[in-house]
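Enquirer: Following this message is one structure expressed as structure tokens.
Every number here is computed from the coordinates shown, using simple stated rules; none is lab data. Note that the coordinates shown come from a computational prediction; the quantities given were computed from them, not determined experimentally. When we count neighbours, we look across all protein chains shown, and the Cβ atoms used for this are built from the backbone with ideal geometry, even at glycine.
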Amino acid sequence: MKFSLFAHMERISPDEDQKQLYDEFIELCKIADEGGMHAVWTGEHHGMNFTISPNPMLNLIDVARHTKNVRLGTGTVIAPFWHPIRLAGEAAMTDIITDGRLDLGIARGAYSYEYERMMPGMDAWEAGQRMRELIPAIQGLWKGDYAQEGEFHSFPQTSSSPMPTQKNGPPIWVAARDPNSHEFAVSNGCNVQVTPLWQGDAEIESLMVKFNDACAKFPEQPRPKIMLLLHTYVADSPEDVKLGAKELNRFYNYFGAWFKNERPVEQGLIKTLSDEEIAGHPFYSPEAMERDLVIGEPAAVIERLKKYEALGYDEFSFWIDSSMCFERKKASLERFINNVMPAFQ
């Protein structure tokens, strides 16, 4: 099982300097590269200081300047916000600039806050249909001389300009949850990204069952790769485990508030959650986070990840966004590299 880093420029307070946050993001990517991690992933978000990344390919081109070996992944671009010709060309140019290190992760998106601003009136169903139309178009444009008469985009014969460095283009990854998404990915020759969020090992097992079922349904397709994205904190003591769980619980309370899209937002920042609101959440709690995320001292983290490897996951992505300060993120990542990864070599 390979290991990667999943990170954003994460801002939840107006006191946090955005340039400093970006410099810290780059530093984490450099640590991942120097520590022998397989890839760095960063996503696409708009108008949300919670995860600042309006165009992940800009970030990844800069990460390429600071690193030598890591693959550079979009985790993920939001399909309905892109015209296929534009995405094919920009991804290909990114692949050229990064010497063929790009992996292109694509999703339908998750936040209605973004849908309302970028594609007013669009719902999650339409976003999914747009993704299903976009991906074959990208593949066709990379082959060249591709025309489309689609529900959302139609255009005459066109070739991606430029063409990517990698033969057949960068690997495409689809963010999948339901069986239909897994089947779409596998049948179209795409790898699969999954995240159980806070839902724990039962969901992790269920997602693998859906992936295996999709592979069995399309035996003519080579078996793609599957990546598990999960919040991770490697602690240095039992007390630190409890603190990490408390901090990740705070993160998920903010995640839930953004997802519900009911709370006021000012200057890109959602209204601060009080300690009472966090303590009163109906299912987020530090205890649940410790149970359902990867939070523990190195030996416990190794034991947990060995289970995921045994299930068949090809890649485990260390999701570092957490509402923690940079120093705590850095220390956890370094413990992961130094004390956890060697157990899998």
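Enquirer: Say the dipole of the chain comes from +1 at the beta carbon of Lys and Arg and -1 at that of Asp and Glu; which of 119, 241, 185 then lies farthest toward its positive end?
Expert: Working it through, the farthest residue towards the positive pole turns out to be 185.
Enquirer: Can you give the longest run of the chain that contains no GluC sites (Glu not before Pro) sitting in a DSSP loop with at most 11 other Cβ atoms inside 10 Å?
Expert: Between the exposed loop sites, the longest stretch runs 1-150.
Enquirer: Among the DSSP beta bridges whose two residues both lie in the chain, what percent are antiparallel, rounded to the nearest 5?
Expert: 15
Enquirer: Could I ask something else about it? Nearest 5 percent is fine: what portion of the DSSP beta bridges confined to the stretch 83-206 is antiparallel?
Expert: 35
Enquirer: Subtracting the Cα-Cα distance from 0.36 nm times the residue separation, let me have the gained length for residue 65 to residue 345 in nm, one decimal.
Expert: Contour length minus Cα-Cα distance gives 98.1 nm.
Enquirer: With +1 assigned to the C-beta of every Lys and Arg and -1 to the C-beta of every Asp and Glu, and no other charges, what is the dipole magnitude of the chain about the Cα centre in debye, to the nearest 20?
Expert: Values: 34 positive and 50 negative charges, 163 e Å.
My answer is approximately 780 debye.
Enquirer: If you don't mind, another one. Would you order 22, 252, 233 from fewest to most other beta-carbon atoms within 10 Å of each residue's own beta-carbon?
Expert: 22, 252, 233
Enquirer: Could you tell me how far the Cα centroid of the stretch 23-81 sits from the Cα centroid of the stretch 230-250, in Å?
Expert: 23
Enquirer: Name the most mobile residue of 299, 175, 79, meaning the one with the largest mean-square fluctuation, in a Gaussian network model of the chain with Cα contacts below 10 Å.
Expert: Sorting by GNM fluctuation, first place goes to 299.
Enquirer: Hey, another quick one. Relative contact order, percent, of the stretch 2-344 when contacts are C-alpha pairs under 8 Å separated by at least 6 residues?
Expert: 18
Enquirer: Return the percentage of antiparallel bridges among DSSP beta bridges fully within the stretch 187-317, rounded to the nearest 5 %.
Expert: About 20 percent, rounded to the nearest 5.
Enquirer: Follow-up question, since we're still on this one. Could you let me know the centre-to-centre spacing of the stretch 302-345 and the stretch 279-298, using Cα atoms, in angstrom?
Expert: Cα centroid to Cα centroid, the span is 17 Å.
Enquirer: Based only on other Cβ atoms within 10 Å, what is the fewest-to-most ordering of 98, 42?
Expert: Placing the least packed residue first, the sequence is 98, 42.
Enquirer: With Kirkwood's inverse mean 1/r over C-alpha pairs for Rh, give me the Rg to Rh ratio of the chain, two decimals please.
Expert: With Rh from the inverse mean 1/r over Cα pairs, Rg/Rh is 0.95.
Enquirer: Which loop trypsin sites (Lys or Arg not before Pro) in the stretch 216-290, with loop taken from DSSP, have no more than 16 other Cβ atoms within 10 angstrom of their Cβ?
Expert: Values: sites: 217, 225, 242, 246, 250, 260, 271; in loops: 225, 271.
When the trypsin sites (Lys or Arg not before Pro) of the stretch 216-290 are filtered for loop state and at most 16 Cβ neighbours within 10 Å, 225, 271 remain.
Enquirer: Sticking with this one: Between helix 124-143 and the chain, what is the angle of the helix's C-alpha long axis to the longest principal axis, kept within 0 to 90° and rounded to the nearest 10?
Expert: Roughly 60 degrees, rounded to the nearest 10.
Enquirer: PRE reach from residue 217 (point 7 Å along Cα→Cβ): which of the stretch 114-142 fall under 15 Å by backbone N?
Expert: Under cut-off, by backbone N: 132.
Enquirer: If we count other beta carbons within 10 Å of each Cβ, what is the order of 46, 231, 281, fewest first? Walk me through the intermediate numbers first.
Expert: Values: 46 18, 231 24, 281 15.
Lowest to highest Cβ neighbour count: 281, 46, 231.
Enquirer: Sort out for me the Cα centre separation of the stretch 174-202 from the stretch 115-130, rounded to whole Å.
Expert: A separation of 20 Å, based on Cα centres.
Enquirer: What nm value, rounded to one decimal, do you get for the distance between residue 123 and residue 307 when each label is placed 7 Å out toward the C-beta?
Expert: Those two pseudo-labels are separated by 3.7 nm.
Enquirer: Could you pull out the pairs from 19/68; 306/329; 2/167; 210/246 whose alpha carbons sit more than 26 Å apart here?
Expert: Check vs 26 Å cut-off fails for 210/246.
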